[in-house]
Every structure is written in structure tokens, then in C-alpha cells.
Amino acid sequence: MANTAQLLRRQSSRDIPLRTQRSIDVLELRELKNKLVRSDTGTRSQPVYGALNQGFVSDVSPESEIHNSQYGYNHKTVVPKPPAVTIFEEEEGIIPENKPEEQRESWDNKLTFLLATIGYAVGLGNVWRFPYLAQKNGGGAFLVPYFIMLCIQGIPIFYLELAIGQRLRKGAIGVWCQISPFMGGIGISSAVVSYIVALYYNTIIAWCLIYLLHSFESPLPWAGCPTRLYSNFTYDHEPECIVSSPTQYYWYRSTLMISTSVDDPEQFNYHMAIALIISWFLVYICMVQGITSSGKIVYMTAIFPYVVLIIFFFRGITLKGAHDGVAHLFTPRWETLLDPVVWLEAGTQIFFSLGLAFGGLIAFSSYNPANNNCYRDALLVSFTNCGTSLFAGVVVFSIIGFKAHSTFDKCLSEKKSMMDRNITHALPECDLQKELANSASGTGLAFIIFTEAINQFPGAQLWAVLFFLMLFTLGIDSQFGTLEGVVTSLMDMKLFPNLSKEHLVGILCGSCCFISMCFAHGAGSYIFQLMDSFAGNFPLLIIALFECISISYVYGVRKFSDDIEMMTGSRPSIYWMFCWKYLSPAAMITILIASLYQLIADGSKYPAWNSTEGNTEQKDWPHWCVVFAFCLILGAILWIPIVAMCRLFGLKIVEDSDPAWFPTEELKEAHGIIPHEPTELERSLFCFNMDGTEGMCFPKYGLPEKTLHEDE
């Protein structure tokens, strides 16, 4: 999730006084039709980015040029500067009261939006979760359920969120409340989940900062076991490190200062607390900088991880054992396709990899021009995200193959040495496939296995700096997008009308920093695992399910398709409508039921550190952790029924707001839209009626849209 909309868009309210803006808006409205009409060749105008025109125009300048390279069409439009008298005309009552709402910020350009959205979707899960899941669930065979789930669940919901945000031009709360006041709880639930996820997700950034700082040391602090001073003034290696490994010991004991269980926090981790404060400060600084650092940050956070992955790719494929590692990852084991758990994990990975239901995508797309091609964006970002996962899998397992070969060769050498000394008992078992399968997911892959492989590289410090800087950028741009979903929703709710966005971000980051101190002690990593296991999966599935229900059965698939045709000029195919109404909800319900069944049948455990054996062991969560996890889930999803029930009894948790200004008639004229006659197949599949109504749809209680006429 690359930098936030606050960071990456021009902020017109800072550039021109508000009175001037509104006067300019009136002039632009009068000329909007001239800017959107087709040229003599019948081609379509392309979206233009910027702040001063809500839908289309980037900046007010004497001359702005729209170029459509696809059709070889140049259309030059002259926008006259408003005369000085227009600044004062509003005071004299010349400007009507029924005018567009205050300007909404917009992206600087299309590339910035794409980089931000790709950075939002591409995160740490692409690097440290997908390779593990693929290796665990059938190798190359795992790609079959992975891409099937991408087509029936991932892309349709991604497309849905981009389109509805661009159409209604509000954050998650504003969008779902406008679709129906009874559905306003969906946006609140998205904001609550985003806040919880941002709360613990920043802990990963703090860990990366700690490792990044120590990566400049020579030798690397996790390259060998530390020494201990005994009472008789003798030195020896730390016994706990000897029985485990230097990388494991440094991760669990030096970085986390981990306790033996979640019930025993032990000592406070001051190093972790300082890292958390710094990481939240960096997030705050980046989110309030505005246009002064927008371009630099988006290109850094979105592009730098790819640069590092490419560097590691060329380094990895030249290592001994790289071929075995990649082959182990992608060699298909077709029998695993009969295991329902494989399909469950493929669907879950697709869902969370794309960052669905957080509200960030809706917030990002709400700042796009009204005629932006959201369909093309959805396909581009989704396939880029999945391609990144595949590429990261090759990179990771080429290096894991090198590590496995090094361990295997060391084992063979030790075994040969013992046999040369006629030692035939207790010979070590050397198995290359076992070493290749000994991979891990999440923090274990990044901070233990990968660092152990880097230790064996020449110039290990350089590779460590690159790796942890990549993880830092992957994490921080995801953090921006997650927080943007919260901030935009709060701004749209107008809970704090006199509070600027900068102060709201400060309060948000400050509260998260204070609460995140619960991760800065011996049991902090266990609390992190608890929140990661429960707060970020079940609620998001339920929220996305209600998003599909709201679009398909409240707003209406037919009207939603009409909106997309109006914005992009082309109507979504029957496949996408079928996914929104039937396939995607069915897939999410199946995943949700299967996940609950698996949780009840197998229970939930956490890996607790065993200092005696120098490894982790599985322990059951204590009762208070189960209650806490249950409260996290309910605290997120209960807003959906609460808001609906309160609205039913006349109580408004979310205040109604006027629909955002949208150039409906101008878009229809520009794209040559004529009323769509439903086909026989559409009528049978989606219950489209000839009178324009849609079957299987609940009545829509949203506020009526106000049409803005040209003379206004």
C-alpha cells in the first residue's frame, strides 16, 4: 500500500483560498460539457488528474492539453482564468447555493495512483507467506486453486471496491451509508479492522528497523553465538544459543526478549519500545508532509522492493543449490488438490494479499477522475500482485536452496569425518529434501531462515541492509494504505468537524503508539500473533461478504453496471456480474465456514519459546486470550448489525450526507451511453425486469442524488 492519498495528492485547499476555488468550480461547470464531448473522430477523452476540478481537470492554467495516444487524438481546451470579480461575486449572492460540495483532493497523475495501489496490495505477505504456502500445499499444484480463487474472488471484489469508490467519491463509511443507511456499519467495521491491523502491523516495521540498524555491524550480530561471563571469570558461548542457532537466538532472545509463555511477560523491552516510537513517528511524518515529499516517497516505497527483489534474484540463481530450491517450490504434487485445506488457504491468501475490505482501496479510488478506467486498473494491480508473489517465491527458494545445500554438505562432511574415525553410532541423517522442506512462514522466514542464508554470503552486511530495507518499505507503504482507510472514513463522518486532517492523523498515530507498547515486553510477540491470527481474517471475510450483498442485492447489479459503463465507456461482462451476485459471496461463505470448522476441530495454538531445547513448542492459548480474540472479532463486525438496528429504530450513528458531485449527464454524453436493454440471459440470471427494476434486490434507502444543471 503505497503512500496515502493525503501524501500523494495535490491539496487544493492549501493552494488557493476557498472562495476562489468555488468560483473556479462554477466556471469549470459551465465549460465541462465542452471538455468531455467527443472529438470529430468520435474518440473518448482520457481522465486528467489534479485537484481543482473534481472529476477531470488537473490544474487551472491558460491551456491544458488532453492527448489520447491510443486513438491518435489531440484535443486542446482553453480554460480562461477567472476574472478577479468572481472572487467577490459569491458575497453578492450571484453564485447559487445549490453548488458542488467542497473540493475533494485528487491524485497528481495516473502513475502515482497505480504505484500507490500496487504498493498497497503488494506487502510482506507476498514475500514471506506465499512461498511457504505454495511449498506446503503442493508446490506447482497450489497455483491451480490460487488462480481460480483469484478469478472468482480476488479480482471481482478488487474491481468492485475501485468502482464504487470512484463512483460515489467517498471513503468506506460514506460509500456504504449512501448505498443504504442500513449498511453504514460496513464502513465503520472496515475502519475498526484497519485501525486494529495498523496497530500491530507497525510492530513488523519496528522489527525491521532494529535489524536494519544492526545490519551495519561487522560481523553481523546474528552470525555467531554471544559469549557469557561466568562467576569464575571464564567466558563461554551462550548455552541456549548453542542448542538452537545464532539466528534463532538473536531473534527470540536478543530482539524479542521472549518469555516462555503469553502468561509471563517478564521484562520490559526498551529497545523494542524505542523502535515502535520511531516507526510511528515516521508514519506520522510521511502522512502529514503533503505534496512536499509525495513524488519521492511513492516512487521509493513502491519501486524499491522490486529493485531489491531483482538484485536478490540474480544473486540467488547463481548460488549452489538454487535450482533444487526452485524445483522444490514448483514441482507439482497433484494429490494435494483433493485436500480442502489447500483450497481454503489459497482463497485466504488471495483475499488478504490484495488488501480487500480494509477501506483503503475505496479511499484511494475516490480521489480518481470520474472517467478513470477502474476495470483496467483492477486487472493490472491484481495480476501485478500475483506476479510479484511468484517472483518472490523464486527469489526466496533459490536462497533457501542454497542454505539447504550448505547444511546438507556440512552434514555429509561431518558424517564422513565420523566414519573415517570408525564412529558408526549416532551418525547424522543427511536429507536434502528434508532441509528444503524446513522452511517457515512470516517472521520465521524473514528473521531466521533468510538471515541464516545471508550470513553465508560474501559481504553479508550489504545483503542484510538491502533485505531489511526492502521489508521496511514493503511494510510502511502497506501501513499508509491501511491508515488511509481509517482517516478518510473519519473525515467523511465529520465526527470532528473542527479538527484538521493533520491533527487527526497525529491523534491516530499517537494513540496507536501508546497502545502498541503492549508489544514491547517478553510476551509482546505472542500478543502480535494472537491479533494477526484473529483480528485480520474473520472480520475481513465478513465485511467483504456484506460488501457483495450491498452491491448485488441493495444497490443492484444492474445499476452498478450502468455506473461502470458511464465511467469507463464499456459495460462489465456477465462474468463479473455473476461473480458479484453469486460466485464471490459463495466462495467467501465457504471459506468462512471451513475456517470456523477447522478452528473448532483443530483448535488454535501458538509457538512458545523453550529455552532448554532452544526451539519453539506448540501451546494452547489460555482462556483470556480466547476471550480477547473473540472480543476483537465482535468489536469489528458488530457495527454492521448495530447500525442497521439503530437506523431501524430511528437512531443515527452515522449522519446522512449529501451525495458527492458527479458529472453524470456529461459522462453519458461523452461516452455516447444509451439505456441498456437487458438480454435474455441477463434477465434469467439476474432477474432484470424490462421496466428497469431488478429482482432479488431489497429496496434502496439511500439518499437521492442531486442533479446539477449547467446553469447552476
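Over all other residues within a Cβ to Cβ distance under 15 Å of residue 653, the charged ones net out to 0, with Lys and Arg as +1 and Asp and Glu as -1.
Each Lys or Arg adds one and each Asp or Glu takes one away; over the other residues whose Cβ falls under 13 Å from the Cβ of residue 457, this sums to +2. Between amide H atoms placed 1.01 Å from N, distances below 5 Å from residue 610 occur with 615, 616, 617, all of them 5 or more places distant or on a separate chain. Restricting the range 367-436 to GluC sites (Glu not before Pro) that sit in a DSSP loop and have at most 14 other Cβ atoms within 10 Å of their own Cβ leaves 429. Close amide-amide hydrogen proximity is noted between residue 228 and 236, 237, 238, each under 5 Å apart and 5 or more residues distant or on a separate chain (H modeled in the peptide plane; Pro and chain starts excluded). Going down the table (501/668; 170/501; 110/559; 170/559), which pairs top 24 Å between alpha carbons? Listed pairs above 24 Å: 501/668; 110/559. Per-residue packing, averaged as other Cβ atoms within 10 Å, sorts the ranges 194-203, 650-659, 266-275 into the order 194-203, 266-275, 650-659, beginning with the highest. Applied to the range 648-656, the Karplus parametrisation 6.51 cos²θ - 1.76 cosθ + 1.60 on θ = phi - 60° returns per-residue 3J(HN,Hα) values of 4, 9, x, 9, 10, 7, 10, 6, 5 Hz, with x for Gly and Pro. Other residues lying with their Cβ under 12 Å from the Cβ of residue 609 contribute a combined charge of -3, Lys and Arg counting +1, Asp and Glu -1.
Of the trypsin sites (Lys or Arg not before Pro) found in the range 410-440, those in coil by DSSP whose Cβ has at most 15 other Cβ atoms within 10 Å are 421. For the range 98-239, the residue among 142, 128, 201 whose Cα projects farthest onto the positive side of the dipole built from Cβ charges is 142.
Rounded, prolate or oblate: pick one for the range 286-414, where a ≥ b ≥ c are the square roots of the eigenvalues of its C-alpha gyration tensor, a/c under 1.5 means rounded, and failing that, prolate if a/b is larger than b/c, else oblate. Judged from the Cα gyration tensor, the range 286-414 comes out oblate (a/c at least 1.5, b/c at or above a/b). Heavy-atom accessible surface of the range 125-174, averaged per residue, reaches 16 Å², computed with a 1.4 Å probe. Listed values for the range 457-472 are Karplus-derived 3J(HN,Hα) couplings in whole Hz (6.51 cos²θ - 1.76 cosθ + 1.60, θ = phi - 60°), namely 7, x, x, 4, 4, 4, 5, 5, 4, 4, 5, 6, 5, 5, 4, 4, and x replaces Gly and Pro. The string of couplings for the range 195-211 from the Karplus curve (6.51, -1.76, 1.60, θ = phi - 60°) is 5, 5, 5, 4, 4, 8, 5, 5, 4, 5, 4, 5, 4, 4, 5, 4, 5 Hz, one whole number per residue in order, with x for Gly and Pro.
Only Lys, Arg, Asp and Glu carry charge here, each on its Cβ (+1 for the first two, -1 for the last two); on that basis the range 562-613 has a dipole of about 100 debye about its Cα centre. Amide H contacts for residue 521 (H built 1.01 Å from N in the peptide plane; partners 5 or more residues away or on another chain; cut-off under 5 Å): 269. Placing +1 on the Cβ of every Lys and Arg and -1 on the Cβ of every Asp and Glu, with no other charges, gives the range 363-491 a dipole of roughly 180 debye about its Cα centre.
Full extension of the segment from residue 213 to residue 243, taken as 0.36 nm per residue of separation minus the current Cα-Cα distance, would add 8.1 nm.
With 24 Å as the limit, the listed pairs 136/605; 410/619; 410/434; 403/619; 494/652 have 410/619; 403/619 beyond it between alpha carbons.
Quick one: dipole size for the range 335-421, taken about the Cα centre, charges +1 on Lys/Arg Cβ and -1 on Asp/Glu Cβ, in debye to the nearest 20.
Roughly 320 debye, rounded to the nearest 20.
The values are calculated or read from the model by the stated rules, or taken from the named source; none is laboratory data. Treat the numbers as computed from the prediction; the structure is a model and nothing was measured. Every residue, glycine among them, receives a Cβ derived from its backbone with ideal geometry; neighbour counts consider all protein chains shown. Heavy atoms of the whole protein, side chains included, go into the accessibility calculation; ligands, DNA and RNA do not. Shrake-Rupley method; radii C 1.70, N 1.55, O 1.52, S 1.80 Å.
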